[in-house]
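Asks: I'd like to ask some things about the structure below.
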Amino acid sequence: MALSSRSCLLLAAGRLQARGAASLRTETEVDTSENEIVAPDFTNRNPRNLEQLALARKERGWKTTWPKREFWHRLRLERTQHYVEAFVERCNGDVVVSASTREWAIKRHLYSPKGVTACKNLGRVMAQRCLEAGINFVNFKAVIPWEHRCDSIQEFRKAVEEGGVVLREPQRIYQ
C-alpha cells in the first residue's frame, strides 16, 4: 500500500512539473524578427555564379586554334580499343567530372566495355554525375567532325540528354 501511494504522489508531482515547464516555455519564446533582416552588403562566394547567370567570359583564344576553347564546360567522349571514357572539362583543361568503363562499378554491369550499349550506359552515368555536381549545361562537340555519325556517339548523346543535361551552353549575355 505504501508503494502505491508513493507512486501516485510521484506521478502527481511529475504532472505539476510538466505543466509548469509548459507555461515557462510559452513565456520565454524568443523574438525571431531579427533573423528576417537582410544585410545590405552581400558577397557571393560561389565561383560559378557568373557562369550560371551566363555573364562570365568565355575564353575565345586565337582564331587558328583547333579545337575551339569557347566554352565553360565541355563533354568529351574518348573511345579506345578496349574502353570508353567520358569526362567534363573546364576551358582551362581541368577535369571536373569523369566516368569510364574501366571503373568496376560500371564495368560489372556491362557485357562488353566498348560497344554501343557501353556508350549508352556511360551516358546515363555521366548525366547523373553532372547533375550531382551542379553542371546542367555542357558543350558537346566531337573533336573530329565525322565522329557524330557513329551509332555509339549518337546513343551516348541521347542518354545524356534523357538524363537531364542540356548539350548546349547558354549564349553569353554582354551587358
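The values are calculated or read from the model by the stated rules, or taken from the named source; none is laboratory data. This one's a predicted model, so the numbers in the text were calculated from it and none came from an experiment. All Cβ positions, even for glycine, are placed from backbone atoms using ideal geometry, and neighbour counts span all protein chains on display. For the accessible areas, the whole protein counts, side chains as well, though only heavy atoms, and no ligand, DNA or RNA atoms are used. Shrake-Rupley method; radii C 1.70, N 1.55, O 1.52, S 1.80 Å.
Asks: Pull out the extension gain between residue 70 and residue 103, defined as 0.36 nm times the separation in residues minus the alpha carbon to alpha carbon distance; nm, one decimal.
Replies: Values: separation 33, 0.36 × 33 = 11.88 nm, distance 3.02 nm.
Full extension of this stretch gives 8.9 nm more.
Asks: With every protein chain kept in place and ligands, DNA and RNA left out, what is the accessible area per residue of segment 64-175? Probe 1.4 Å, answer in Å². Intermediate results must be reported in sequence, preceding the final value.
Replies: Working: 6920 Å² over 112 residues.
That works out to 62 Å² for each residue.
Asks: If you count, for each residue, the other Cβ atoms within 10 Å and average over each peptide, how do 73-82, 57-66 line up from highest to lowest?
Replies: On the way: 73-82: 16.4, 57-66: 10.3.
The peptides rank, most packed first, as 73-82, 57-66.
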